[in-house]
Amino acid sequence: MPTNIAPATTAVFTDATLDTAAALAADAYRPVWTGPSGEESSSETVARHLEATIALLNQEGWVRTYAQNTQKPTDEDLVDDDSMTIKQMVRALLRIVRAEIGDPLQPTLPLALNRIGVDGIHGDMDTVHVSLRVLDLIIRAHTGSDSASATLWAERQHRTHADVTALLTAAASFARTYGPAARAAA
């Protein structure tokens with residue numbers, strides 16, 4: 001059992017971290033606020049997307065990552081019986097699928113962001129991509145690593161729900177402070 005795992009603590013993202021992330025955004029190769037559609041997302045739409053993601057994680061919970069099931073279906077699970085009804089066959093199939101992939105009720109960080117993008121109410125696929133860029137900038141500023149990824153940061157073994165929601169809260173604040181509308185108003 002590894003003994004070098006960091007204790008579970010809530011990550012703190014300071015104003016200095018957000019300032020550093022803003023400097024990284026200014027030096028970014030591609031525009032931070034422009035999504036795959038080619039259109040710019042406003043500060044407020046990105047912040048709303050991030051806050052809706054927090055609400056989703058608070059409602060449904062959060063899971064760091066999905067573990068791959070190592071137990072393979074047995075011959076008993078794969079019954080090929082002509083006497084089975086369609087309902088029985090579907091139930092057997094659902095049992096096999098659940099055993100294989102688990103029961104993903106609690107979303108990971110990227111899955112939660114995508115769900116909000118797909119709902120069409122609090123975001124879209126552009127705000128998913130922009131949100132991920134903003135989260136990556138904050139993690140890069142937080143860790144000092146040029147290649148840090150918020151998704152991989154959230155999957156670390158010692159990461160907590162509070163850490164992930166703190167990151168999302170900081171990202172929403174960053175969007176409102178440093179995003180396109182905030183820069184235009186300054």
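We did not get these values from a lab; they are worked out from the coordinates using the rules stated. Just so we're clear, the structure is a prediction, and the values are computed from it rather than from any experiment. Cβ atoms come from the backbone with ideal geometry, glycine included; neighbour counts cover every protein chain shown.
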* **Residues Tyr178, Tyr29, sorted so that the one with the fewest Cβ neighbours within 10 Å comes first** => Tyr29, Tyr178
* Structure fact -> Asp119 and Thr169 label points (each 7 Å along its Cα→Cβ direction) are spaced in nm at 1.9
* Structure fact -> Pseudo-spin-label distance Arg95 to Tyr29, built 7 Å along Cα→Cβ, given in nm, is 5.1
* **For Ser83, Ser149, order by how many other beta-carbon atoms lie within 10 Å, fewest first** => Ser83, Ser149
* Val63's amide H: which non-local residues (gap 5+, or another chain) put their own amide H closer than 5 Å, with H modeled 1.01 Å from N in plane and none for Pro or chain starts? -> Thr108
* Kindly rank 15-22, 51-58 from highest to lowest mean number of other beta carbons found within 10 Å of each residue. => 51-58, 15-22
